[in-house]
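The values are calculated or read from the model by the stated rules, or taken from the named source; none is laboratory data. The model shown is predicted, which means the values in this text are computed figures rather than measured ones. Using ideal geometry, Cβ is built from the backbone for each residue, glycine included, and neighbour counts are taken over all protein chains shown. Only protein heavy atoms, including side chains, enter the accessible area calculation; ligands, DNA and RNA are left aside. Shrake-Rupley method; radii C 1.70, N 1.55, O 1.52, S 1.80 Å.
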Amino acid sequence: MSARADREVKHNVEAELHCHPHVDETHIAVEVLRGAVRLHGYARNLFDKYGAEDAVRRVAGVNAIANDIIVRSAMPASATSAR
């Protein structure tokens, strides 16, 4: 797969994530190499993490997915200052 095709797949993956009604893609980054997509960054919950992976599966040209998204729950400020 060429670099041009990888750029197109990356663009399509990012568009799919952006349009997904149940995924907040704000802190999710996408890398593509020869059709293999790597998702990394942070998600609010498991629904966003695996919802992003499901969205990527629908994109033409994707032949593998590495979901390296870390789930980071929002913690109240009082909980972090008590440590």
Original post:
Which of the residues that make up the stretch 9-51 are closer than 11 Å to Val62 by Cβ and assigned to a helix (DSSP H, G or I)?
Top reply: Val9, Lys10, Asn12, Val13, Glu16
Original post:
Tally time: how many residues in the stretch 60-77 are in a loop (DSSP other than H, G, I, E, B) and open to solvent by 60 Å² or more (accessible area, probe 1.4 Å)?
Top reply: 7
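Taking the stretch 30-49 as the region of interest, how many residues are under 10 Å from the mean Cα position of the chain (by Cα) and more than 14 Å from Arg72 (Cβ to Cβ)?
The initial filter retains those residues of the stretch 30-49 that are under 10 Å from the mean Cα position of the chain (by Cα), namely 30-31, 37-43, 48-49.
If we keep only those that are more than 14 Å from Arg72 (Cβ to Cβ) too, we end up with 30-31, 37-39.
Of the residues in that region, 5 qualify.
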Original post:
Which of the residues belonging to the stretch 1-59 are open to solvent by less than 40 Å² (accessible area, probe 1.4 Å) and at positive phi?
Top reply: Gly35, Gly41
Original post:
Is one or more of the residues making up the stretch 69-76 small (Gly, Ala, Ser) and at pLDDT below 95?
Top reply: yes
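When you go through Glu25, Glu31 one by one, which is the residue that is modelled with pLDDT of 95 or more and not hydroxyl-bearing (Ser, Thr, Tyr)? Please lay out each step first, then the result.
Working: Glu25 fails: modelled with pLDDT of 95 or more.
Among Glu25, Glu31, only Glu31 is modelled with pLDDT of 95 or more and not hydroxyl-bearing (Ser, Thr, Tyr).
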